[in-house]
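This report refers to the structure that appears directly beneath it.
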Amino acid sequence: MITISLCMIVRDEDETIARCLDTVKDIVDEIIVVDTGSVDKTKDILSSYAAYVYDFKWIDDFAAARNYSFSKATQDYILWLDADDVFLEEDINKLRYLKEYMEPSVDVVMMKYNLGVDNDKRAACTYYRERLLKRNKNFKWNDPVHEYIEPTGTIIRMDIGVTHKKLKQRSSRNLDIFEKMIESGKELSHRNCFYYGRELNVNRRYDEAMVYFEKFLSKEGGFFSNYMDACIDFSRIYTMKGDRKSAIKTLLRCFEFGVLRAEICCELGIQYEEMKDYERAISWYEISTKLNKPGDTMGAVMHDYYNYIPYASMGICYFKLNNIQQAIKYNEKAAEFKPDSFVVNNNRKYFNTFLTSEKK
């Protein structure tokens, strides 16, 4: 059986740290926490988990803090988590099984990262991350913000999910780090142009975000899902500015970088639906439902774009075209994926009212 060091970096996480550790404390062999300046009760909570706690002066560099946490590990493998991550019960059992039976020749285990999980444990978005790493391979984190590890060696992909349950509101922290990098004269990498663009966008600095999205889209070599996200965010800025033509052209640019994805097709459907071109909207939504959901991609997959969103949207589009039968049909298809959806149930009542009126 392999042994595992859990390595974390934290700051002021007294609301989430116990929730995280409770899901994994009985599986890992040691808990290493690097604290970058907590002033709340985080350290008090950690004292009840037999954790090794180390102080690290914050230098606006997540990779440096994570590398320091890795340097303190002593077990065969390193598992890393953030304080607002958890393993759900099914995934706890899978992780326990992996620890028991995994071949020690494995260097990296890729696991799912589930975001936006609802009450039925369905994730809105999923992507794979390098989650369990062989310690003696000396893997290093790169980039001060949106840090990452380059997986090498024997890599396996497991159907084990780490679920992100965020409580804190988003801050300008990441944006501030990028801007300090720029102020110091450091040129942003291709990858960082994408992430800086997203941070600018979230902070409503739209014109600047457009510049960096364009820089990212003008070069090849990145992850396809990043190109997809950049095109979606970029197009929404154009939409907000009232430039539908550029918004649609930006979405179509995504096809330069990879195969058809339902996320882009649905966004095109949304554009045409908002333009009241319902037939063209339906055609894009229909394509979305025909595409296979990527199962082995490193990048993000937004699950609802492959079923619930296009079916619900087609229901509305058909209603706008006065085709009540088709509206009901596609609304019920959406219900197969989200039976408790407010939109689905509200439309069901509304559409059936018109169907009853027609029969009279």
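The values are calculated or read from the model by the stated rules, or taken from the named source; none is laboratory data. Predicted, not measured: the structure shown is a model, and the values here were computed from it. Here the Cβ is made from the backbone with ideal geometry for all residues, glycine too, and neighbour counts use every protein chain on show.
Return the only residue of GLU90, GLU13 being surrounded by fewer than 16 Cβ atoms within 10 Å (Cβ to Cβ) and under 24 Å from the mean Cα position of the chain (by Cα).
Numbers: GLU13 fails: surrounded by fewer than 16 Cβ atoms within 10 Å (Cβ to Cβ).
Criteria check complete, one pass: GLU90.
Determine if segment 306-321 includes at least one residue that is out of contact with any helix residue (DSSP H, G or I) (no Cβ under 6 Å at 6 or more places or on another chain) and in a loop (DSSP other than H, G, I, E, B).
From segment 306-321, those out of contact with any helix residue (DSSP H, G or I) (no Cβ under 6 Å at 6 or more places or on another chain) are 316; that's our starting set.
If we keep only those that are in a loop (DSSP other than H, G, I, E, B) as well, we get none.
No, segment 306-321 contains no residue that is out of contact with any helix residue (DSSP H, G or I) (no Cβ under 6 Å at 6 or more places or on another chain) and in a loop (DSSP other than H, G, I, E, B).
Considering only residues that are charged (D, E, K, R) and surrounded by fewer than 14 Cβ atoms within 10 Å (Cβ to Cβ), look in segment 322-350 and name the one that is farthest from the chain's Cα centre (by Cα). Reasoning before the result, please.
Residues of segment 322-350 that are charged (D, E, K, R), as a first pass: 329, 332-333, 336, 338, 340, 348-349.
Now restrict to residues that are surrounded by fewer than 14 Cβ atoms within 10 Å (Cβ to Cβ): 336, 340, 349.
Values: GLU336: 24, ASP340: 23, LYS349: 34 Å.
Result: LYS349.
Find all pairs meeting these conditions: Cβ atoms under 9 angstrom apart; at least six residues apart or on different chains; first residue within segment 312-326 and closer than 11 Å to ASN347 by Cα; second residue of a type in the set (Lys, Arg) and assigned to a helix (DSSP H, G or I).
ALA312/LYS333; GLY315/LYS329; GLY315/LYS333
Among (1) more than 26 Å from the chain's Cα centre (by Cα); (2) within 30 Å of GLU183 (Cβ to Cβ); (3) assigned to a loop (DSSP other than H, G, I, E, B), there is one condition ASP60 misses while meeting the rest; what is its number?
Of everything listed in (1) more than 26 Å from the chain's Cα centre (by Cα); (2) within 30 Å of GLU183 (Cβ to Cβ); (3) assigned to a loop (DSSP other than H, G, I, E, B), ASP60 misses just condition (1).
If I ask for residues that are among the charged types (D, E, K, R) and in a helix (DSSP H, G or I), which ones from segment 323-346 would you list?
Step one: filter segment 323-346 for residues among the charged types (D, E, K, R), giving 329, 332-333, 336, 338, 340.
Scanning segment 323-346 gives LYS329, GLU332, LYS333, GLU336.
Please identify the pairs in which a residue from segment 333-344 that is farther than 16 Å from ASN119 by Cβ and assigned by TED's automatic domain parsing to the domain that holds GLU286 has its Cβ atom under 9 Å from the Cβ atom of a residue that is basic (Lys, Arg) and assigned to a helix (DSSP H, G or I), counting only partners at least 6 apart or on another chain.
Once the first residue is farther than 16 Å from ASN119 by Cβ and assigned by TED's automatic domain parsing to the domain that holds GLU286 and sits in segment 333-344, its partners that are basic (Lys, Arg) and assigned to a helix (DSSP H, G or I) give ALA335/ARG348.
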